[in-house]
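Single-structure report; data block below.
Read the figures in this text as sums done on the coordinates, not as results from a lab. Given the structure is predicted, the values throughout are model-derived calculations rather than measurements. All Cβ positions, even for glycine, are placed from backbone atoms using ideal geometry, and neighbour counts span all protein chains on display.
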Amino acid sequence: DAMVIQNPRYQVTQFGKPVTLSCSQTLNHNVMYWYQQKSSQAPKLLFHYYDKDFNNEADTPDNFQSRRPNTSFCFLDIRSPGLGDAAMYLCATSRGGTPGETQYFGPGTRLLVL
Amino acid sequence: DQQVKQNSPSLSVQEGRISILNCDYTNSMFDYFLWYKKYPAEGPTFLISISSIKDKNEDGRFTVFLNKSAKHLSLHIVPSQPGDSAVYFCAANEAGSYQLTFGKGTKLSVIP
């Protein structure tokens, strides 16, 4: 089955220690997204890639970076995690035909910062 | 400043009855709306959508209604089934943007 895969499902890191979350897709979609969702909050878009074009949301902290080495993979790097970065991180993809099209989500990685 | 609001954090409905989930938005530039369903330990999955040129879209047991003048949409599930128990997110898109703006979600519990 075509899908969006996120590894690991749970990640524990220490305050200030860089961490990388990964996402892969077998849908061959052009667009990949990273969302942050804190408890009882709405998912919040951090950035997205349209193919290799990176699009950062205006209020995404500089502490968050992303890489997309190829169509299938996208990484979220948190350079110096703070306690406030503990959240669920959701990766999503879409075909890239039209803005607003359906996004397909992975199961998420829950990040805990100690 | 929430542009998409789901004011009911939770809703309980008896099996077989209608579930109505509500969503309000403030951004008049939104022109496409989606509902996602999320089970625990899974990512959100797309359920149904509606364009601003329509006021109703139906897919099986699921119907979404849009009232543009009131900036309000609702999701109706008829009849509700225990498997519908999940968190439902309303999301909105502005023309030309890839960004989806989500509400905080409503947890639906369908009681057998």
(request) Compute the FRET efficiency between A:Phe75 and B:Lys107 as 1/(1 + (r/R0)^6), taking r as their Cβ-Cβ distance and R0 = 41 Å, and round to the nearest 0.05. (result) 0.85
(message) List the residues, sorted by chain then number, that are 5 or more residues from B:Arg17 or on another chain and whose placed amide H is less than 5 Å from its amide H.
(response) B:Ser80
(message) Quick check: Cα centre of the stretch B:58-92 to Cα centre of the stretch A:37-65, how many Å?
(response) 27 Å
(request) Using the structure shown, list the pairs from A:Lys17/B:Lys71; A:Lys52/B:Lys68; A:Lys17/B:Lys104 with a Cα-Cα distance above 32 Å, or answer none. (result) A:Lys17/B:Lys71; A:Lys52/B:Lys68
(request) Starting from the Cα of A:Ile5, move 7 Å in the Cα-to-Cβ direction to define the label point; list residues of the stretch A:85-114 whose amide nitrogen is under 16 Å from there. (result) A:91-93, A:105-109
(message) Through the Karplus equation 6.51 cos²θ - 1.76 cosθ + 1.60, θ set to phi - 60°, convert the phi angles of the stretch A:92-100 into ³J(HN,Hα) values in whole Hz; use x for Gly and Pro.
(response) 9, 9, 8, 4, x, x, 9, x, x
(message) From the phi angles alone, apply the Karplus equation (6.51, -1.76, 1.60; θ = phi - 60°) to the stretch B:22-30 and give each ³J(HN,Hα) in whole Hz, x where the residue is Gly or Pro.
(response) 10, 8, 10, 9, 10, 7, 6, 7, 5
(request) Please identify the longest segment of chain B free of exposed trypsin sites (Lys or Arg not before Pro), where exposed means a DSSP state other than H, G, I, E or B and no more than 13 other Cβ atoms within 10 Å. (result) B:55-112
(message) Can you give me the Kirkwood hydrodynamic radius for the protein assembly as shown, using every pair of distinct Cα atoms, in Å to one decimal?
(response) 18.1 Å
(message) Please report Rg (one decimal) and Dmax (integer) in Å for the Cα set of chain B.
(response) 13.3, 43
(request) Only Lys, Arg, Asp and Glu count, each charged at its Cβ (+1, +1, -1, -1), so figure out the dipole size of the stretch A:4-113 about its Cα centre, rounded to 20 debye. (result) 320 debye
(message) Less than 19 Å apart at the alpha-carbon level, and either on another chain or at least 8 residues along: which aspartates and glutamates does that give for B:Lys107?
(response) B:Glu15, B:Asp24, B:Glu42, B:Asp84
(request) Can you tell me the FRET efficiency between B:Asn7 and A:Gln41 if r is taken as the Cβ-Cβ distance and R0 is 22 Å, rounded to the nearest 0.05? (result) 0.90
(request) Provide the three semi-axes, in whole Å and in decreasing order, of the ellipsoid equivalent to chain A as defined by the square roots of 5 times the Cα gyration tensor eigenvalues. (result) 23, 14, 13
